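Comments concern the structure below.
Computed from the coordinates by the stated procedures, all read-outs in this text should not be read as laboratory data. Just so we're clear, the structure is a prediction, and the values are computed from it rather than from any experiment. Don't worry about glycine lacking a Cβ; one is built from the backbone with ideal geometry, like all the others, and counts go over all protein chains shown.
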Amino acid sequence: MKNNQKYLIIINLTAGRGKSQKKLSELIIALKNHRISYELRQTKAPKHAIEITRKAISEGFRKIIAVGGDGTINEVMNGIMLSGKNEEVTLGIIPEGGGNDFAKNFQIRTNIEKAIETLLTNKTKYVDVGKIEDQYFINSLGIGFDAIVAQKATRIKFLNGLPRYLVAVFTALINLKFHKWEIITENRKISAKFLLILFGNGKYSGGGFKLTPNALVNDGLLNICLVRKIPHLKILKFLPLVIKGEHIDKKEAEILQSNKIEVISNTKIPIYFDGELPILNNDKHLVIELIPKQIRLIIG
């Protein structure tokens, strides 16, 4: 069978604190039961999924399945974009990470059997992709407090999902700093002190927070949640609203939409996207843009 008719399955066995490893045998049995022709490759290090994806596409694979969390999906998606053949490739996801924020946009189940049934529908949707420098993100990009929380969360080994991020939030509050940034869009320029800014292609981030609850992955726009400097105690009252997406009409938050944004700072900007902590060439002047309808995603 030619590679373009087979599924290439890329699995991160460390995703979800090892949850993928525990489910590997279940996945193989389910693939066999559904008589799916596939090849499975395991990631061995950070960014390895990018390399695996690009190589697989050069070998003729056109159906790529990411098994893992948001970071794994991010790497596979970057591999697809960097291959230069993204219009030929279909991406499927089996969510097995800690937060699975991107999968929540489509109600893709973490149950292996249900996820495979979704893949077999072959129902697809083109989704937008964010870009910063030469790197891509598919779900969200956060700067400020949100990014510091993500950094703290990577060090917490005993929890997953929203509980892990809530612990990280309280840890980050101990040495909380506000950041003065200049934000530039095509029709706005804002200079202020901020707690955080979240650029959402999808609705969810941080294991279930809904900072951009009205974001759509295929509307050609990033939803931008600006949260300005607020007192520490008010942050604790604000967080429960964010979990439910009920913060957007509060005075502490402002929601913008744009397909290109600049953030300028005198100091290094803390940043994360899709659960990853990227290394940038210029971390004091960010140019973030959205490229419409770049990835063909199986949504069921």
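Run the numbers on the range 1-114 and let me know its relative contact order in percent, using alpha-carbon pairs under 8 Å that are six or more apart. For the range 1-114, the relative contact order is 33 percent.
Bridgeable lysines around LYS44 (alpha carbons under 24 Å apart, same-chain partners fewer than 8 residues away excluded): LYS6, LYS19, LYS22, LYS23, LYS55, LYS63, LYS152, LYS157.
For a test of the definition: using alpha carbon positions, the gyration tensor, and the 1.5 limit on a/c, classify the range 140-292 as rounded, prolate or oblate. Here the range 140-292 falls in the rounded category. What number, rounded to the nearest 500 deg cm²/dmol, is the helix-based mean residue ellipticity at 222 nm of the chain, given -39500 (n - 2.57) per DSSP H run of at least four residues and division by all its residues? Only helices count here, giving -9500 deg cm²/dmol.
What the Kirkwood sum gives for the range 3-122 is a hydrodynamic radius of 14.0 Å, with every pair of different alpha carbons counted.
Would you mind calculating the gained length between ASN175 and LEU162 on full extension (0.36 nm times residue separation, minus the Cα-Cα distance), in nm to one decimal?
Details: separation 13, 0.36 × 13 = 4.68 nm, distance 2.10 nm.
Length gained, ASN175 through LEU162: 2.6 nm.
Close lysine pairs were tallied over the range 169-226: pairs 8 or more places apart or on different chains with Cα atoms under 23 Å apart number 6. Only Cα pairs under 8 Å and 6+ residues apart enter the sum, and on that basis the relative contact order of the range 140-292 stands at 27 percent. Ordering GLY300, ILE288, ALA192 by Cα displacement along the dipole of the chain toward the positive end leaves GLY300 in first place; charges were set at the Cβ atoms of Lys, Arg (+1) and Asp, Glu (-1). Stokes-Einstein diffusion for the range 56-122, with the hydrodynamic radius set to the Kirkwood value over Cα pairs and evaluated at 10 °C in a medium of 1.306 mPa s, equals 129 µm²/s.
Just the number, please: Stokes-Einstein D of the chain in µm²/s, Kirkwood Rh from C-alpha pairs, 37 °C, 0.692 mPa s.
Here the translational diffusion coefficient equals 169 µm²/s.
Relative contact order, whole percent, for the chain stands at 21, derived from Cα pairs under 8 Å and 6 or more residues apart.
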